[in-house]
Amino acid sequence: MIYQGVYAATQLVALGMLVRYVGREQYGLWMTILAVTTWVPVANMGQTAVLLTRLGALAHTDRPAACRVFSASALLVACAAAGLLLIIVLFVPLVSWSGLPDGDASLRLAQATATAALTVSVLALPAMLAGFAIFAHQRGDLVHMIMSAASLVGLAAMAIAMRLQQPLWVVGGLSLAAPLLGGLTLWWLGLATGLMPRPRWALVDGKTLTNLMKTGLLFFLTDAAAILLLRSPDVIVASVDGVDAVGPFASVGRLPLLLVAVFQAVLLPFWPALGEAAQRRDYEWIARTARYTLMLVLGLWAAAAAGIGLLGALFVEVWMGAAGFSTPGLLAAACLQALGLGLFSWLLVLLGALSMQRKLVVVAGVTTLIFLPLAFLSGTWLGPVGVALAQALALLCCAVPLGTLVLYRYLAEHAPRCPPL
């Protein structure tokens, strides 16, 4: 959690520096590309979650089996990364960028920036496997320390590149370099100290690969649905209104996402506690915890929504260093997004901790199927405000009711004497 806080803070500072350096138009281009890079981690096919569960159980009991699992996961992710790099080389030059000024220079800049950002993100996929392997060995403190240091180094490198007047593709690529730099350091540390298995490709067989792919499928589907629901609005705005409109939209949209990151840091300690309570069948404690945390969520996120409405414009103006990045419509939509994201984050933690991954996939998938056409239609009619409203409505009117119904039925079945919600 320490690394997530440091990484979120450095990204916030980096975006504020970037908009001052490149201007509003290129900033909108960068935010569009940044939204596309959030899809890259899906390509690990759920192997990070598999490593956390499998290696955690095998690390101290069956070292050869742990080595076989890690080697197979590393091979799968490496092959996925190689395939993505090939796709980047072949297809990024074919992408048309709406909203750019006419001229080959702007098009070349967009293509170079997209190639650099996606390449750095793809290379980080196999690099970050070391961090999850070390996490499974109960040494998350080392991972947090190294990744936090890598975030600060990446921010310093980005500042130096700006000082040297480097183009957007260099500055943007450096802003995403922290996972790659930290992951490579963790590979060296893990192999040198024995905190992670050394990959041995001779141990990999077809049965192990198939088993790992099946195990990671649910995590893959959950990640894909969550990214479509939470991070695709930037891409939709770019496709409907052009990349120039993405800057203000994404800047205001970062306010509820930043609060979500902080809020999840508070909620995540409940995950293992809820899992242990489910194992010992203490369902009444789970019901009481769900009810109390729901009241906490409603209170905190109502206050957060009010804060965005009252102070959001001032915060964005100070953060971006210029006025005009926020409008009353975007701020009003951000208030609704904050409430929807807060409740959805609460459901993610509770349903995940109670091992209801399949139902979570269904909830996220149905919500995404409703959100995507609604976002394109409302974006065409109302512009960026319509896309933000579509996301808020999809969360509040679909994801939250469906997820709450799933949780209610679970608690009503297992703790009938304790009012669940």
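The values are calculated or read from the model by the stated rules, or taken from the named source; none is laboratory data. All values derive from a computational prediction rather than experimental measurement. Here the Cβ positions follow ideal geometry from the backbone for every residue, glycine too, while neighbour counts run over all protein chains shown. To get the accessible areas, we keep the full protein, side chains included, count just its heavy atoms, and leave off ligands, DNA and RNA. Shrake-Rupley method; radii C 1.70, N 1.55, O 1.52, S 1.80 Å.
Using only the Cα atoms of segment 296-413, build the gyration tensor, take square roots of its eigenvalues as a ≥ b ≥ c, and label the shape rounded, prolate or oblate: rounded if a/c is under 1.5, else prolate if a/b is larger than b/c, else oblate.
oblate
Would you mind checking which residues have amide H under 5 Å from residue 166's amide H? H placed 1.01 Å from N; only 5 or more apart, or other chain.
none
May I ask you to derive the relative contact order of the chain, considering only C-alpha pairs under 8 Å and at least 6 residues apart, and to give it as an integer percent?
Computed value for the chain: 21 percent relative contact order.
Counting only helical runs of four or more DSSP H residues, what would the 222 nm mean residue ellipticity of the chain come to if each run contributes -39,500 (n - 2.57) and the total is spread over all its residues?
Calculated at 222 nm, the ellipticity per residue is -28000 deg cm²/dmol.
Where in the chain are the DSSP H helices whose alpha-carbon span along the long axis reaches 20 Å or more and whose Kyte-Doolittle mean is at least -0.5?
Span-like helices in the chain: 2-37, 63-91, 104-136, 140-163, 178-193, 206-231, 246-267, 283-320, 328-353, 357-382, 400-414.
Leaving ligands, DNA and RNA out of it, work out the accessible area of residue 308 with a 1.4 Å probe and give it in Å² to the nearest 10.
10 Å²
Translational diffusion coefficient of segment 180-223 at 25 °C, 0.890 mPa s, Stokes-Einstein with Kirkwood Rh over Cα pairs, in µm²/s as a whole number.
In µm²/s, the coefficient rounds to 192.
Taking the full set of protein chains and a 1.4 angstrom probe, give the accessible area of residue 295 in square angstrom, rounded to the nearest 10.
Its heavy atoms expose roughly 110 Å² to the probe.
State whether segment 115-177 is rounded, prolate or oblate according to the following rule on the C-alpha gyration tensor (a ≥ b ≥ c being the square roots of its eigenvalues): a/c under 1.5 gives rounded; otherwise a/b larger than b/c gives prolate, and the remaining case gives oblate.
Oblate is the answer for segment 115-177, as a/c is 1.5 or above yet b/c matches or exceeds a/b.
So how far apart, in nm, are the two label points at residue 413 and residue 217 if each is 7 Å from Cα heading toward Cβ?
2.1 nm
Which residue fluctuates most in the GNM of the chain (Cα springs below 10 Å): 373, 248, 233?
Fluctuation is largest for 373.
In the full protein assembly as shown, how much of residue 87 is accessible to a 1.4 Å probe, in Å² to the nearest 10?
90 Å²
Rounded, prolate or oblate: pick one for the chain, where a ≥ b ≥ c are the square roots of the eigenvalues of its C-alpha gyration tensor, a/c under 1.5 means rounded, and failing that, prolate if a/b is larger than b/c, else oblate.
Note, shape of the chain comes out oblate.
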